[in-house]
Amino acid sequence: MADKFEFQTEVNDLLNLMIHSLYSNKEIFLRELISNASDALDKLNYLSLTDEAYKSLNYTPRIDISVNKEAKTLTISDNGIGMNKDELIANLGTIARSGTKGFMQNLSGDAKKDSSLIGQFGVGFYSAFMVANKIEVVSKKALSDEVNKWTSDAKSYEISNSTKESHGTSITLYLNDEEFADTWKLEGIIKKYSNHIPYAIFMDKEEYVAPSGDEKEGKYETKNVQINKASALWRMNKASIKTQEYNDFYKQISHDSTDPLLHIHTKAEGKIEYSTLFYVPGSEPFDLFRVDYQSGVKLYVKRVFITDDAKELLPPFLRFIRGVIDVEDLPLNVSREILQENAIMRSVKEQSVKKILSELAKLKEKDREKYIKFYTFFGKVLKEALYGFGNDKEAVLDLVLFKSSKRDGLISLKEYKEGMKEDQKSIYYISGNSENMLRNSPLLESFKKNDIEVLIMDEEIDTIVMPMTNEFDKIPMKSISHADIDDEIKSEENSVDESKLTNTLVKMREILKDDVKDVKLSSRLSDSVAVLIYDKNDPDFAMQMMLKQMGQNDLPKVKPILEINPNHEIFTKLETNELMINDISRLLLDMAKINEGMNIEDPAQFSKILTKIMTKAI
Ligand code: ADP
Ligand code: MG
């Protein structure tokens, strides 16, 4: 008796796509099925090492691939954990895991684009329907006698009783065409994607046997042979590993189809013994900026897979890293709490972060082009390390790049420092959301005039982390939209002499007292009339916007300071003729706001005053 089931709607959508739209790179279905088999073996391996009940199981973990050319079927079997009926329904009838979910969420509806997406995601079990019109899954859960057969033609599925000797899962694909019934072809795909899964994959293969004794000719014999290396790549000797192997392993663990930018392979043999193999991806993981991003690092203890779901293995600002951490001296049944508090793990994490950051620093010096590529993908994430006062702040400051008011492209803080003027005391930057607006800001005028470089920080994260970054290599870092840099950029030419404009200042302060903290003479303007700056400890406009965006609506009103250009003829005239000082003060404030990309509070009033002045001017 078979029970009939309908697929969850999302699965139906996914299956439709698999069958009708995705034509390229079909071969990855094998990687997905082998990776599932390997996961199932990992799970059982772990239980047999940690759980009394499973210790009596006597089995050698393996994966078997077999083909039946006449029937056009391909079978992938493992003797792993297996699935019971409920699990078959939950795992092969719905979409639960984020890999497949993420894929679904990123679909564009454009078949071409979507099929290139498939490489970037673990689209899992269902990808087998790209090559098969019917699939049978026979599974027996370890320690259970019940065997179930799941059968589907991609429209609905059935589950019935079945028979099977060993625990584990056997998946048979009824292939659409012969392409994937060819053992040579299969061998190539297995070597490409699954060479370094920790378990042996066996397949029947025709092999040439050389003539022996009095035989004249050799002959072909079918033999059951191991196809993959089945070695933990990260435990092998660096010198024996080719770049190609590193790259293939990356693709296997990351489900990414592009080569990684960098691999970092470390074997520590000191007080704490561990191996790590980290990769910097060559493309952006789809969930990089999602709160529920998946960890890309797998934890092993003495080669036994423990978890791929432990975000605490590396800090969030390195969440783009993919790879493996394998530690010697931990118990196999490490819990989440242990992961967080264990001194060994803490030390491995610290060392790993150091190593990754120092390798990135090396890359920056050695291969700028590649580094820029890395930085374009992950610079924003990396900058999160500058939040607060973490240990890695200094190392990360060495790695960040910024645009500059004087040079093209991106420069490092070290490069900025090297280009500083002899008497320059600080590193200057301006931050906000629009590069264009920043480059044209009146605040830059005196810096340009004095040939002082200013870093243009136009990423949102800059606005958050830079106010928390006070210095680089002992040099203070200062935002030019704040008030405390006045002294440093004062020059003879734009020295400010308050006595010449006392009258104007007093009046303007009174007129604008509800809107600004102060009205001051500026030393930073040469052409513009006026500019808004902020008190040393006040958030600037970009920061205020940021906080608002993050949902902080109860911020106290931050009053800016209005700086006016003492050399501008408007003010010299105003000093002796204050007839219009009311209107002009309002207008100046609104203009300064517009320059900064702010909204003006009373546009009607602004237009009215402007009209009045235009009328007069004519
Ligand atoms: P993912 O591997 O990302 O979880 P898949 O679609 O590849 O997504 O697989 C769905 C689920 O089906 C797996 O999480 C696992 O629980 C189950 N599964 C698939 N293949 C096997 C197998 N060979 N043995 C045991 N469970 C399996
Ligand atoms: Mg899978």
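The values are calculated or read from the model by the stated rules, or taken from the named source; none is laboratory data. The model shown is predicted, which means the values in this text are computed figures rather than measured ones. Methodologically, a virtual Cβ is constructed for each residue, glycine included, from the backbone with ideal geometry; neighbour enumeration extends over all protein chains shown.
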**Number of positions in segment 175-199 that are surrounded by fewer than 17 Cβ atoms within 10 Å (Cβ to Cβ) and in contact with a strand residue (DSSP E or B) (Cβ under 7 Å, 6 or more places away or on another chain)** = 1
**Fill in**
Subset of segment 571-599, residues within 20 Å of Ser441 (Cα to Cα), surrounded by fewer than 18 Cβ atoms within 10 Å (Cβ to Cβ) and at pLDDT below 90, comes to Gly597, Met598, Asn599
**Asked** Taking segment 254-293 only, how many residues are at pLDDT below 95, among the hydrophobic types (A, V, I, L, M, F, W, C) and over 18 Å from Asn25 (Cβ atoms)?
**Response** 5
**Message:** I'd like the full set of residues that are more than 27 Å from Asp423 (Cβ to Cβ) and either of a type in the set (A, V, I, L, M, F, W, C) or touching a strand residue (DSSP E or B) at 6+ places or on another chain (Cβ under 6 Å) (or both), limited to segment 437-467.
**Reply:** Met437, Ile461, Thr463, Ile464, Val465
**Hits in segment 579-601 - residues which are in a loop (DSSP other than H, G, I, E, B) and either outside the structural domain of Leu521 (by TED's automatic domain parsing) or within 19 Å of Glu510 (Cα to Cα) (or both)** = Leu579, Met580, Glu601
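What about Lys406, is it touching a helix residue (DSSP H, G or I) at 6+ places or on another chain (Cβ under 6 Å) and not in a helix (DSSP H, G or I)? Walk me through it before giving the result.
Values: touching a helix residue (DSSP H, G or I) at 6+ places or on another chain (Cβ under 6 Å): no; not in a helix (DSSP H, G or I): yes.
Against the criterion (touching a helix residue (DSSP H, G or I) at 6+ places or on another chain (Cβ under 6 Å) and not in a helix (DSSP H, G or I)), Lys406 does not qualify.
Table: residues versus (1) closer than 28 Å to Phe377 by Cα; (2) not in a helix (DSSP H, G or I).
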{"position": "Asn433", "(1), (2)": "yes, yes"}
{"position": "Leu444", "(1), (2)": "no, no"}
{"position": "Lys448", "(1), (2)": "no, no"}
{"position": "Glu453", "(1), (2)": "yes, yes"}
{"position": "Ile485", "(1), (2)": "no, no"}
{"position": "Thr504", "(1), (2)": "no, no"}
{"position": "Arg509", "(1), (2)": "no, no"}
{"position": "Asp515", "(1), (2)": "no, yes"}
**Request:** Test Ala53 against the criterion of being over 22 Å from Ser156 (Cα atoms), in the same structural domain as Lys140 (by TED's automatic domain parsing), more than 16 Å from ligand 1 (Cβ to nearest atom) and small (Gly, Ala, Ser), and give yes or no.
**Result:** yes
**Request:** Could you please tell me which pairs satisfy a Cβ distance under 6 Å, a separation of 6+ or placement on different chains, a first residue in segment 442-465 that is farther than 18 Å from Ile564 by Cβ and hydroxyl-bearing (Ser, Thr, Tyr), and a second residue that is at pLDDT below 95 and not in a loop (DSSP other than H, G, I, E, B)?
**Result:** Thr463/Ser431; Thr463/Ala542; Thr463/Met543; Thr463/Met546
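If a residue must be within 24 Å of Ile253 (Cβ to Cβ), of a type outside the set (D, E, K, R) and away from ligand 2 (no atom under 16 Å from the Cβ), how many such residues does segment 45-67 contain?
If we filter segment 45-67 for residues that are within 24 Å of Ile253 (Cβ to Cβ), which is where we start, we get 45-50, 60-65.
Then drop every residue that is not of a type outside the set (D, E, K, R), which leaves 45-50, 60-61, 63, 65.
Narrowing the set further to residues that are away from ligand 2 (no atom under 16 Å from the Cβ) leaves 45-50, 60-61, 65.
Looking only at that region, the number is 9.
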**Item:** Conditions (1) modelled with pLDDT of 90 or more; (2) within 12 Å of ligand 1 (Cβ to nearest atom): number failed by Thr73
**Value:** (2)
**Message:** Go through segment 511-526 and report how many residues are surrounded by fewer than 18 Cβ atoms within 10 Å (Cβ to Cβ) and within 14 Å of Met591 (Cα to Cα).
**Reply:** 1
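If you check Lys149, Lys219, which single one turns out to be crowded, with 17+ Cβ neighbours inside 10 Å, basic (Lys, Arg) and more than 36 Å from the chain's Cα centre (by Cα)?
On the way: Lys219 fails: crowded, with 17+ Cβ neighbours inside 10 Å.
Answer to the selection: Lys149.
Collect the residues in segment 158-171 that are within 13 Å of ligand 1 (Cβ to nearest atom) and either crowded, with 22+ Cβ neighbours inside 10 Å or touching a residue at least 40 places away in the same chain (Cβ under 8 Å) (or both), keeping them in residue-number order. Talk me through it step by step, then tell me what you get.
Here is the first cut: in segment 158-171, the ones within 13 Å of ligand 1 (Cβ to nearest atom) are 164, 166-171.
Ser166, His167, Gly168, Thr169, Ser170, Ile171 - these are the residues of segment 158-171 that are within 13 Å of ligand 1 (Cβ to nearest atom) and either crowded, with 22+ Cβ neighbours inside 10 Å or touching a residue at least 40 places away in the same chain (Cβ under 8 Å) (or both).
Restricting to segment 294-328, name every residue that is hydroxyl-bearing (Ser, Thr, Tyr) and closer than 27 Å to Gly388 by Cα. Explain how you work it out, then say what you get.
Of the residues in segment 294-328, the ones hydroxyl-bearing (Ser, Thr, Tyr) are 295, 300, 307.
The answer is Ser295, and nothing else.
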**Residue identified as in contact with a His (Cβ under 7 Å, 6 or more places away or on another chain) and of a type outside the set (S, T, N, Q) among Leu262, Leu233** = Leu233
**Item:** Members of segment 127-146 that are within 15 Å of ligand 1 (Cβ to nearest atom), of a type outside the set (A, V, I, L, M, F, W, C) and surrounded by fewer than 23 Cβ atoms within 10 Å (Cβ to Cβ)
**Value:** Glu136, Lys141, Ser144, Glu146
**Asked** Counting just the residues of segment 323-373 that are hydroxyl-bearing (Ser, Thr, Tyr) and more than 23 Å from the chain's Cα centre (by Cα), which one comes out farthest from Val304 (Cα to Cα)?
**Response** Ser347
**Prompt:** Which condition number does Ile461 fail, the rest of (1) β-branched (Val, Ile, Thr); (2) in contact with an Asp or Glu (Cβ under 8 Å, 6 or more places away or on another chain); (3) modelled with pLDDT of 95 or more being met?
**Reply:** (3)
**Request:** Identify, by number, the condition in (1) within 16 Å of ligand 2 (Cβ to nearest atom); (2) modelled with pLDDT of 90 or more that Met18 doesn't meet.
**Result:** (2)
**Answer from Leu33, Leu88 - the residue that is within 35 Å of the chain's Cα centre (by Cα), farther than 30 Å from Val291 by Cβ and more than 8 Å from ligand 1 (Cβ to nearest atom)** = Leu88
